[in-house]
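Student: Let me begin by handing over the structure; questions about it come next.
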Amino acid sequence: MRVLVTGAAGRLGSELVKYFGSEHSIIGTFRTTQRDLPISCGTAVKVDLVDESAVLDMIAETRPDLVVHCAAASSVDRCQLDSEFARLNNVVTTQNLCQAISHVGRGRFFYISTDYVFDGATKAPEETEPLQPMNTYGESKRDAELATRKAGIEFAILRVCALYTAGAHPKGDPITAIAETIKRREVYKAATDLFSNPTEVSDVARAIAALAKLPELPESLHIAAPEYMTRHEFAIKVAERLNLDRNLIEAVTCADLNLPAPRPLKAGLGSARFEALMGYSLKSFDSVPGISR
Ligand SMILES: NC(=O)c1ccc[n+]([C@@H]2O[C@H](COP(=O)([O-])OP(=O)(O)OC[C@H]3O[C@@H](n4cnc5c(N)ncnc54)[C@H](OP(=O)(O)O)[C@@H]3O)[C@@H](O)[C@H]2O)c1
């Protein structure tokens, strides 16, 4: 199978390249940072996915069997401050890829989405929950989901949440933020009212590579570890695992953090559908090997 992964230098994209790369021919796209592409990335293509004709040409030339669209404006607060940035990088990139796949008339499309398409009123929502984003990032991801559904191509919307990496990644992640703050002997403020399912990124990539082998998938699927906790509980777990001073973790509320974008408080995802389909659940924090900083 020929698999094209967008955002291949990103946190999830780079892991996907590794998992798919062990069995399939890989095309990884990047926009700025080729040096961050994993070594297993077969062919690297530099492309700004906002550029409609460049996307059309790339898909026509590579004719992938599967496109996994990971590239995104993933900073929730930056999206809140610049809605056009969110629209271009989340919605337009998706429209361009869907249109190009439709144009060549072949290839499956996996759209990587988020728990932030929900409003955080229901604990760990399942796939049947109505889409009700409460910030600009969530709205742009919802719009990209809708564009995917309308495109008339074979697709699956795969929602993930609260990703962390076992080892450090150049783009950073919550564990790096916690560890670096505490190592500087500064206070790390962690919300006691923000819930999610922290999920290790390579575990998600392994699951997506396995899903790609199934002949049929539901239109939407949640891929998340079942463990549900607050950001404060997660920070404490990280400090304990890395032997860092947990006294430097301060319990605050989400409102205390004064973040530009409002957050769904009960974020996260229910992954019962995934577990029924695949027959296993993703790893809890304590069972993820090799967590280091
Ligand atoms: N991280 C999380 O906790 C989380 C939670 C829920 C959902 N998600 C979703 O999961 C997916 C992967 O997230 P991630 O954290 O791995 O993202 P990431 O590390 O920020 O990587 C995203 C990549 O997308 C690329 N990109 C953005 N706009 C582009 C464009 N117009 N053209 C080409 N490339 C572009 C970026 O390239 P440059 O660096 O060169 O700009 C970057 O390498 C995203 O769809 C995100 O919305 C993530």
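The values are calculated or read from the model by the stated rules, or taken from the named source; none is laboratory data. These numbers come from a predicted model, not from an experiment. Every residue, glycine among them, receives a Cβ derived from its backbone with ideal geometry; neighbour counts consider all protein chains shown.
Student: What's the number of the only condition in (1) within 12 Å of the ligand (Cβ to nearest atom); (2) part of a helix (DSSP H, G or I); (3) closer than 26 Å to Ser202 by Cβ; (4) out of contact with any strand residue (DSSP E or B) (no Cβ under 6 Å at 6 or more places or on another chain) that Asp77 fails to meet?
Tutor: (1)
Student: I would also like to ask the following. Could you list, in sequence order, the residues of the range 64-123 that are touching an Asp or Glu at 6+ places or on another chain (Cβ under 8 Å) and closer than 19 Å to Ile26 by Cβ?
Tutor: Passing the criteria: Arg106, Gly107, Arg108, Phe109, Tyr111.
Student: A follow-up question, please. Answer yes or no as to whether Ala156 is under 16 Å from the mean Cα position of the chain (by Cα), over 25 Å from Gln80 (Cβ atoms) and more than 11 Å from the ligand (Cβ to nearest atom).
Tutor: Judged against the criteria, Ala156 is a match.
Student: Report yes if Leu56 is touching a helix residue (DSSP H, G or I) at 6+ places or on another chain (Cβ under 6 Å) and within 12 Å of the ligand (Cβ to nearest atom), otherwise no.
Tutor: no
Student: Could you check, for the range 125-132, whether at least one of its residues is surrounded by fewer than 17 Cβ atoms within 10 Å (Cβ to Cβ) and under 18 Å from the mean Cα position of the chain (by Cα)?
Tutor: Yes: one or more hits.
Student: Out of the residues in the range 1-28 that are among the aliphatic types (A, V, I, L, M), more than 7 Å from the ligand (Cβ to nearest atom) and outside any helix (DSSP H, G or I), state the one that is surrounded by the most Cβ atoms within 10 Å (Cβ to Cβ).
Tutor: Result: Val5.
Student: Have a look at Ala212, Ala151, Ala177 and point out the one that is of a type in the set (Gly, Ala, Ser) and within 14 Å of the ligand (Cβ to nearest atom). Before you say what the answer is, go through the steps one by one.
Tutor: On the way: Ala212 fails: within 14 Å of the ligand (Cβ to nearest atom); Ala151 fails: within 14 Å of the ligand (Cβ to nearest atom).
Exactly one of Ala212, Ala151, Ala177 is of a type in the set (Gly, Ala, Ser) and within 14 Å of the ligand (Cβ to nearest atom), namely Ala177.
Student: Which residues, taken from the range 101-121, are part of a helix (DSSP H, G or I) and buried (at least 24 other Cβ atoms within 10 Å of the Cβ)?
Tutor: Ile101, Asp115, Tyr116, Val117
Student: Additional query: Report those strands (runs of 3 or more DSSP E) wholly inside the range 141-227 carrying at least 1 residues which are out of contact with any Pro (no Cβ under 6 Å at 6 or more places or on another chain), aromatic (Phe, Trp, Tyr) and touching a residue at least 12 places away in the same chain (Cβ under 8 Å).
Tutor: 154-160, 188-191
Student: Also, quick follow-up: Going residue by residue through the range 236-247, is there one that turns out to be modelled with pLDDT of 95 or more, within 21 Å of the chain's Cα centre (by Cα) and either closer than 24 Å to Ser22 by Cα or of a type in the set (D, E, K, R) (or both)?
Tutor: No, there is no match, as no residue in the range 236-247 is modelled with pLDDT of 95 or more, within 21 Å of the chain's Cα centre (by Cα) and either closer than 24 Å to Ser22 by Cα or of a type in the set (D, E, K, R) (or both).
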